[in-house]
Amino acid sequence: MHGTSQLTVEWPSISNEHGDAMLWLGAWLIGDKGAEGEWFHSGRGGAQTRHDVPAEATGIRLRRWPNEGLAPEYADLIPITALQVNAAAVSFEREQPFSMLAEHIA
């Protein structure tokens with residue numbers, strides 16, 4: 001994709017384990033090692049957002065918080081092959097290409 005392309009994301013309005021609206025976050029992935037770039041969305045769902053795709057973006061990372069007391073679940077979409085993504089249809093249950101475990105170990 002080029003920097004002039006736009007990505008549309010449908011953020012579903014679903015409840016987390018506490019009965020509150022699910023918190024969602026979207027960020028660009030940069031390079032071939034899963035480095036995270038700028039965030040492009042943070043919200044509670046029930047929205048459709050549109051974003052200019054940066055020229056350096058190689059993918060996107062979607063996060064959701066089913067339980068806000070725990071770390072979020074995430075899904076990486078690499079490469080960006082579609083101009084529209086429905087976050088409700090993304091599999092957060094499959095093994096992801098880049099582990100975020102190292103970010104939580106210090």
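Brief remarks on what is shown
- Complete set of residues in segment 53-70 that are assigned to a loop (DSSP other than H, G, I, E, B) and polar (S, T, N, Q): N67
- Restricted to segment 9-50, and to residues there that are more than 20 Å from F92 (Cβ to Cβ) and in contact with a strand residue (DSSP E or B) (Cβ under 8 Å, 6 or more places away or on another chain), the residue that is most open to solvent (accessible area, probe 1.4 Å) is R50.
The values are calculated or read from the model by the stated rules, or taken from the named source; none is laboratory data. Quantities reported herein were computed from a predicted structural model and do not represent experimental measurements. Backbone-built Cβ (ideal geometry, glycine too); neighbour counts: all protein chains shown. Calculation scope for accessible area: heavy atoms of the full protein, side chains included, ligands and nucleic acids excluded. Shrake-Rupley method; radii C 1.70, N 1.55, O 1.52, S 1.80 Å.
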